[in-house]
Amino acid sequence: MEEKIVKVKVKDIAQSPQKLRLVADTVRGKAVDKALDILMVLNKKGSDIVKKAINSGIANAKEAHNVDKESLIISKIFVDESRTLKRGRYASRGRSSRILKRRSHLNLELKVK
């Protein structure tokens with residue numbers, strides 16, 4: 001019997017990968033119910049993004065494999081770097097500096113227990 005796996009990709013998130021990895025590390029390997037409870041009380045911007053991705057994966061699993069969320073675990077979750085927006089900022093004495101607005105991609109895999 002083959003494993004039932006659901007993949008979710010969220011691209012071009014307006015948050016740096018370093019900050020989003022902190023949220024992804026807290027829910028890696030946990031059951032989906034427990035992960036959603038953790039994300040509910042986590043005080044980070046990335047928790048809403050990860051929560052939406054997990055809910056999307058639950059809906060995809062229900063549609064594709066007809067399983068409920070109690071039988072799903074987060075097998076893989078990782079954050080990659082996306083394109084970086086370069087912006088300029090004027091500084092004192094006629095100089096300018098560059099501001100890098102980093103963006104990220106979120107990859108998520110849910111697996112049936």
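Values in this text are rule-based calculations from the coordinates and carry no lab data. These figures come from a predicted structure and were not determined experimentally. Because the Cβ atoms are built from the backbone with ideal geometry, glycine has one as well, and the counts that use them run over all protein chains shown.
So what's Rg/Rh here for the range 26-69, counting alpha carbon atoms and using the Kirkwood radius for Rh? Before the final figure, lay out each step's value.
On the way: Rg = 10.8 Å, Rh = 10.9 Å.
Radius of gyration over Kirkwood radius for the range 26-69 works out to 1.00.
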Beyond 22 Å, what share of the Cα-Cα pairs of the chain is found? Please give it as a whole percent.
39
Hey, what angle do you get for helix 32-41 against the long axis of the chain, alpha-carbon based, 0 to 90 degrees rounded to 10?
40
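Rounded to the nearest 20 Debye, what is the dipole magnitude of the chain about its Cα centre when Lys and Arg each give +1 and Asp and Glu each give -1 at the C-beta?
Values: 28 positive and 13 negative charges, 233 e Å.
Computed charge dipole of the chain: roughly 1120 debye.
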The pairs in Lys7/Lys69; Lys19/Lys86; Lys11/Lys34 lying past 21 Å Cα-Cα in this model are Lys11/Lys34
Angle between the Cα long axis of helix 46-65 and the longest principal axis of the chain, 0 to 90 degrees, nearest 10?
30
What is the distance in Å between the Cα centroid of the range 77-94 and that of the range 22-42?
28
Tell me what the chain gives for mean residue ellipticity at 222 nm when only DSSP H runs of n ≥ 4 count, each as -39,500 (n - 2.57), the sum divided by the residue total, rounded to 500 deg cm²/dmol.
-11500 deg cm²/dmol
Any chance you could run the full-extension gain for Arg98 through Asp80? It's 0.36 nm times the residue separation minus the Cα-Cα distance, nm to one decimal.
4.2 nm
Among Ala53, Asn66, Val10, whose Cα sits farthest toward the positive end of the charge dipole of the range 5-112 (+1 at Cβ of Lys/Arg, -1 at Cβ of Asp/Glu, about the Cα centre)?
Val10
